[in-house]
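The structure appears below as structure tokens.
The values are calculated or read from the model by the stated rules, or taken from the named source; none is laboratory data. In this text the structure is predicted, and so the values were computed from the model without any measurement. Every residue, glycine among them, receives a Cβ derived from its backbone with ideal geometry; neighbour counts consider all protein chains shown. Heads up: the accessible areas ignore ligands, DNA and RNA and are worked out on the full protein's heavy atoms, side chains in. Shrake-Rupley method; radii C 1.70, N 1.55, O 1.52, S 1.80 Å.
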Amino acid sequence: MSTPIISLESLTNTTSSGQLLTTAKSGGCASSSCGFPSRPADMDSAIWEKIKDHPCFSEEAHHYFARMHVAVAPACNIQCNYCNRKYDCANESRPGVVSEKLTADQALRKVIAVANEVPQLSVLGIAGPGDACYDWNKTRATFERVAREIPDIKLCISTNGLALPEHVDELAEMNVSHVTITINMVDPAVGEKIYPWIFYGHRRYTGVDAAKILHEQQMLGLEMLTERGILTKINSVMIPGVNDQHLIEVNKWVTERGAFLHNVMPLISDPAHGTWFGLTGQRGPNAFELKELQDRLEGGAKLMRHCRQCRADAVGLLGTDRGQEFTLDQIPLEVAYNGGKRHAYREVVARIRDDHVAAKNQAITTLGSVSAQGTLQVAVATKGGGRINEHFGHAKEFQIYEASQTGIKFVGHRKVEPYCHGGWGEDANLVGIIAALGGIDIVLCARIGDCPKNKLMEAGIRATEAFGYDYIETAISALYATEFGDDLSQATA
Ligand code: CLF
Ligand code: SF4
């Protein structure tokens, strides 16, 4: 192995490197389940090579590696009732939303600037703000430029699928390794409630005719990608009363056609967004409804549960958008790529992953030694890296794990307004946090004050900092053994 140009120690010496080490040293986010460490036993090694550094396609990788989106594709060929691309708010995180649209040359500048500064960067995605396949020339020009400068970056697109079939061969030629298709229905009667119109073959279609064409193109595109060995993820927006039950059928169709992952996302709906669904009062699902549906879909294509519904210009690890640090006005006109930090980071991660795998294996052993059965719902405050390394008051989200005798499953995340503001606790936010943590048994965090801890306890939720900076699986397995094992002498919180 070559000597890393950045040592593990040197990575701790600056703020950004310190953050990097926090991520790296902590290992990746806990995998979907214990016993699913670096490469899952039932996964082909060729597939593992494709996903091991893709933060969306591998839940395990999403705390080591980052994606960035460049907003080069503003045009779209359909209208979804949940989309309004005119809306632009830096605090708003949902697909279709961006702060600035880029040309291919500007996108290249931005990708190089991010790659020089964000060592975790492994994937360049084009996710709009319109449709990457419909606005094809800009998508292709961007990928060609970036692949020439940074050949090891993975290329990824997200599309509604309508124009996908005509570009599949070019995607394969350009080494686009990962494609996401948003598929919300396989029955045009459901589709007409989601898509008011499409534009296809120089014509505008509406109603069932529109949904039927979209459906046929989506299925054809998926089949073509599968034939060519390109990994596919299906995003489905769960819209209660419209397609929630129907997504079981969608899951069957896409599994049969070789989809690698199925990502069921909650509808984001608010009148302020100006979308049809927002304006007509269509609600999104709550966390319990989403999880219930996801649980029912287990057994088909592998489920993605760690999606953060990124903006079309998102930058960084999932859940920590650094897009505002890399707006064009902050990037020099001339930037040259320097891959030093990215390569050094990869060497560090390779070593840390081994350590994390050992910790997960130990956690499996601990769980297996518990004779009584039970489940534990655990909320974890983490900055990433699979360790409990965030203060309760700073957490913008909690990662949710379900522990049972058979394993520890990552089941999602719940966003909150942080409790601490300027060093003081916000009681109003605590009310919201307690509501968001409904159904949780224990909160694990790096630090928590007595006041929030007591308020949580009054709501029936325990909280502890006793496992601060431990691996998440190590902590949860120890808690589980304490709760359900024979030795009940240790208090958990
Ligand atoms: Fe971007 Fe999408 Fe590629 Fe990832 S996002 S184009 S697959 S690189 Fe990821 Fe963001 Fe969820 Fe998308 S968390 S919205 S699934
Ligand atoms: Fe918006 Fe994407 Fe739907 Fe086009 S395909 S309308 S950009 S959500």
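Odds and ends about this structure:
- Using a probe of 1.4 Å on the protein chains alone, the accessible area found for LYS110 is around 10 Å².
- The Cα center of the range 363-430 and the Cα center of the range 447-487 differ in position by 9 Å.
- Whole-Å distance, taken between Cα centres, linking the range 175-198 and the range 218-275: 7
- Selection from ILE448, ALA381, PRO129 lying farthest towards where the dipole of the chain points positive, charges on Cβ: PRO129
- Straightening the chain between ASP152 and ASP169 buys 4.1 nm, computed as 0.36 nm per residue apart minus the Cα-Cα spacing.
- Peptide packing: for 366-372, 186-192, the average count of neighbouring Cβ atoms within 10 Å per residue gives the ranking 186-192, 366-372, highest mean first.
- Largest to smallest in accessible area, the residues HIS394, HIS202, HIS246 fall in the order HIS202, HIS394, HIS246 (1.4 Å probe, all protein chains included).
- Rounded to the nearest 20 debye, the dipole size of the chain about its Cα centre is 540 debye, using +1 on the Cβ of Lys and Arg and -1 on the Cβ of Asp and Glu.
- Solvent exposure ordering (accessible area, 1.4 Å, most first) of ARG342, ARG204: ARG204, ARG342
- Histogram of C-alpha separations across the range 255-375, 5 Å bin width, %: 2, 7, 8, 10, 14, 17, 14, 11, 9, 6, 2, 1, 0
- Between the helical axis of 15-25 and the longest alpha-carbon principal axis of the chain there is an angle of about 80 degrees.
- Volume in Å³ per residue [convex hull over Cα atoms, computed for the chain]: 151
- Global size of the range 155-296 as Cα Rg and Dmax, reported in angstrom: 15.3, 44
- Taken about its Cα centre, the range 319-401 carries a charge dipole of roughly 300 debye when the Cβ of each Lys and Arg holds +1 and the Cβ of each Asp and Glu holds -1.
- Beta bridges per DSSP, both residues in the chain: antiparallel share near 40 percent.
- Solvent-accessible area of GLU292 with every protein chain in place, 1.4 Å probe, in Å² to the nearest 10: 120
- What the pair-distance distribution of the range 373-448 shows, using all Cα-Cα distances binned every 10 Å from zero, is 20, 52, 23, 5, 0 percent.
- Computed about the Cα centre, the dipole magnitude for the range 117-233 is approximately 240 debye when only Lys and Arg (+1) and Asp and Glu (-1) carry charge, each at its Cβ.
- Ordering GLY368, LEU293, LEU247 by the projection of their Cα atoms onto the charge dipole of the chain, which places +1 on the Cβ of Lys and Arg and -1 on the Cβ of Asp and Glu, puts LEU247 at the extreme positive end.
- The three principal axes of the C-alpha atoms in the range 399-493 carry coordinate ranges of 41, 28, 24 Å, sorted with the longest axis first.
- Solvent-accessible surface (1.4 angstrom probe) belonging to GLU100, in square angstrom, nearest 10: 50
- Using distinct alpha-carbon pairs, which all enter the 1/r mean, Kirkwood radius of the range 110-187 in Å: 13.2
- Value of [θ]222 nm, deg cm²/dmol, for the chain, DSSP H segments ≥ 4, -39500 (n - 2.57) each, nearest 500: -10000 deg cm²/dmol
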